[in-house]
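Please read through the structure below; I'll follow up with questions.
What follows is calculated from the coordinates using simple rules that are stated; it is not laboratory data. Keep in mind that this is a model prediction, so the values were computed, not measured. Reconstructed Cβ throughout: ideal geometry from the backbone, glycine too, with neighbour counts over all protein chains shown.
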Amino acid sequence: MENYFEKIKESLKKLISIPSVQGEPKENMPFGEGVYNALNFTLSLAESLGFKTVNYDNYIGEAVYGDGEEEMAILCHLDVVPVGKESDWTYPPFSATEADGKIYGRGATDDKGPAIVCLYCMKALKDEGFLPKKKIKLIFGCNEESGWGCINHYNKVAKMPEFGFSPDADFPVIYAEKGIIHVKFLFDKGGVEDIRGGEAVNMVCDKCEAVAEYFPDVAKKYGVKLSESGKLLTVGRTAHGSTPEKGVNAIEIMLNYLTETNLTDDKIKKYLFLDELSLKEISDETGKLTLSPNVIRMENDKIAVIADIRFPATKTSDEILEKLNFAPYEILSLQKPLYNDKNSFLIRTLSEIYNEVTGENKEPIAIGGGTYARALKLGAGFGPETEDFKIHQPNEFVSEENLKLQFTIYKKAIKKLSE
């Protein structure tokens, strides 16, 4: 580990410093210049470490280790969510600042850290003379946070391995992931001239602005302020869309004001925040349904609200969609749940490796987040989180301790699964 640790940190800091939030498409840059730069940096690094690489039209790329007929995938992503309010960051979000044994920056954990660590794990195994019986494909996606266009492209131009893992979740190992629906609802605008809030559908909205009549007493009641431009302004706290309870939704604060002053349709608050239909009571062993309306804007003289819905893994999307008839809606994306047998070879092996390294005795878990693991016939989310790494929040970080844990665990997992 010591031979590679400083190189891991150095490479990761360089990758974090590339602001790979999805941007406007350009020629040969389907997800914008930042993501393009992150992909090319990572593929160049992999080549310098002695691996064959493939760039699939700047949508997605891979580093290949071994020549076996059977293949396994390690699925990472290089794109990151927006940074939110930079003033909420202790260190600039793309500075990759080292402090207190941590590296701070957007993507440090989600998911640039694991991508770099897994690459150096392959390098370490290669240096040791290990010859995998399976062809290992370390795949670097570029559109995980906002649509999976990279995976769709890969499936068109290449063949996805049937099994593997995605280091883009939690330890000990993920046996199930909730289904995910991103859906846009349309409501009457009422007395609202304009409204805008939220940067990404999978991030709790931390700032919302509206142009509407100002009632000082009601505004004071709900913490609504006037911006320098005279717009109504509410401020919340962002969080990952799969755990909205960890954030404070600025859209909800704004709707409290707009509803009480009869400036907008009360359906928005009633159905999307007060859960009039008890959608959040739908549950199974993988947890309860979560509903997080994270983006709001004016669209063709209507108020459009985009919600992130995560539904239990044993339920179907049809069961959820049939309950959404309270307003016109459009499905923007839909990912089916992932559900594996806890005793399958993959889940059992990864669980044993984690417990062996840590000395713990933890069972596989289910999550509300969605990973590339569901792009595989048999796939699992596997680390790297063991605590609150603030993914999708200000001050995202990875600790040196966690990087070392990742290296030890992922190296063992790659070797074991490819033997």
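Select from the chain the helices, each a whole stretch of DSSP H, whose alpha-carbon atoms run 18 Å or more along the helix axis and whose Kyte-Doolittle mean is at least 0.0; answer none if there are none.
Values: long enough: 2-16 (21 Å, -0.82); 33-48 (22 Å, 0.25); 112-127 (23 Å, 0.52); 345-358 (20 Å, 0.36); 400-418 (27 Å, -0.59).
TM-like helix candidates: 33-48, 112-127, 345-358.
What is the ratio of the Cα radius of gyration of segment 179-335 to 2.2 N^0.38 Å, where N is its residue count, to two decimals?
On the way: Rg = 15.3 Å, N = 157, 2.2 N^0.38 = 15.0 Å.
Cα-based Rg divided by the globular estimate yields 1.02.
Order these by the 10 Å Cβ neighbour count, fewest first: 208, 142.
Ordered by Cβ neighbours within 10 Å, fewest first: 208, 142.
Cβ neighbours within 10 Å, averaged per peptide: list 86-92, 229-235 in order, most packed at the top.
In decreasing order of mean packing, 86-92, 229-235 become 229-235, 86-92.
How large is the Kirkwood hydrodynamic radius of the chain, counting all unique pairs of alpha carbons, in Å?
22.3
Next question. I'd like to know which of 291, 334, 277 lies farthest towards the positive end of the charge dipole of segment 179-335, counting +1 on Cβ of Lys and Arg and -1 on Cβ of Asp and Glu.
Of the candidates, 291 comes out farthest on the positive side.
Toward the positive end of the charge dipole of the chain, about the Cα centre and with charges on Cβ (Lys, Arg +1; Asp, Glu -1), which of 311, 41, 190 goes farthest?
The one lying farthest along the dipole's positive direction is 41.
Please give the net charge around residue 289, taking every other residue with its beta carbon less than 9 angstrom from that of residue 289, where Lys and Arg add +1 and Asp and Glu add -1.
+4
Follow-up. Starting from 0.36 nm per residue, how many nanometres of slack lie between residue 130 and residue 40 once their C-alpha separation is accounted for?
Roughly 29.7 nm would be gained on extension.
Label-point separation (nm) for residue 186 and residue 276, each offset 7 Å from Cα along Cα-to-Cβ?
1.9
Another one. What is the percent of Cα-Cα separations in segment 103-153 that go past 14 Å?
Distances greater than 14 Å cover 64 percent of the Cα pairs.
Separate question: Compute, for segment 1-130, the length of the dipole vector about the Cα centre, with Cβ point charges of +1 (Lys, Arg) and -1 (Asp, Glu) only. Units Debye, rounded to 20.
440
Rounded to the nearest angstrom and ordered from largest down, what semi-axes does the equivalent ellipsoid of segment 334-419 get from its C-alpha gyration tensor (root of 5λ)?
Numbers: eigenvalues 88, 75, 28 Å².
For segment 334-419, the semi-axes come out at 21, 19, 12 Å.
Moving on. For the chain, what is the charge dipole size about the Cα centre, in debye to the nearest 20, if Lys and Arg each add +1 at the Cβ and Asp and Glu each add -1 at the Cβ?
Using only the charged Cβ atoms, the result is roughly 520 debye.
A further question follows. So the label point goes 7 Å from the Cα of residue 363 along Cα→C-beta, right? Which residues of segment 265-303 then have their backbone N under 20 Å from it?
Residues 283-289 qualify, since their backbone N sits under 20 Å from the label point.
Treating only the Cβ of Lys, Arg, Asp and Glu as charged (+1, +1, -1, -1), what charge dipole size does segment 179-335 show about its Cα centre? Round to the nearest 20 debye.
360
If you don't mind, there's one more thing I want to ask. How far, in nm, would the chain grow between residue 54 and residue 301 when pulled straight, counting 0.36 nm per residue and subtracting the alpha carbon separation?
Full extension of this stretch gives 84.3 nm more.
Amide H neighbours of residue 241 under 5 Å, counting only residues 5+ apart in sequence or on other chains, H built in-plane at 1.01 Å?
Hits under the 5 Å cutoff: 203, 204.
If packing is taken as the average count of other Cβ atoms within 10 Å, what order do 409-415, 150-156 fall into, highest mean first?
By packing density, highest mean first, the sequence is 409-415, 150-156.
Further question: Which one of 221, 134, 123 has the biggest mean-square fluctuation once the chain is modelled by GNM with Cα springs under 10 Å?
Between 221, 134, 123, it is 221 that shows the largest mean-square fluctuation.
Cα convex hull of segment 222-282: how many Å³ per residue?
94
Additional query: Rank-order 93-99, 33-39 by packing density, defined as the average count of other C-beta atoms within 10 Å over each peptide's residues, highest first.
Working: 93-99: 17.9, 33-39: 22.0.
Highest-to-lowest ranking by the protection proxy: 33-39, 93-99.
OK, next. Taking K and R as +1 and D and E as -1, what net charge do the other residues with C-beta under 13 Å from the C-beta of residue 79 add up to?
With Lys, Arg at +1 and Asp, Glu at -1, the neighbours total -4.
If you don't mind, there's one more thing I want to ask. Taking the Cβ of residue 105 as the center, what net charge do the other residues with Cβ under 15 Å away carry, scoring Lys and Arg +1 and Asp and Glu -1?
-3
To continue, here is another question. Expressed in whole Å with the largest first, what are the equivalent ellipsoid semi-axes of segment 144-220 derived from the C-alpha gyration tensor as the square root of 5 times each eigenvalue?
41, 17, 11
Looking only at 220, 288, 178, which one moves most when the chain is put into a Gaussian network model with springs between Cα atoms under 10 Å?
220
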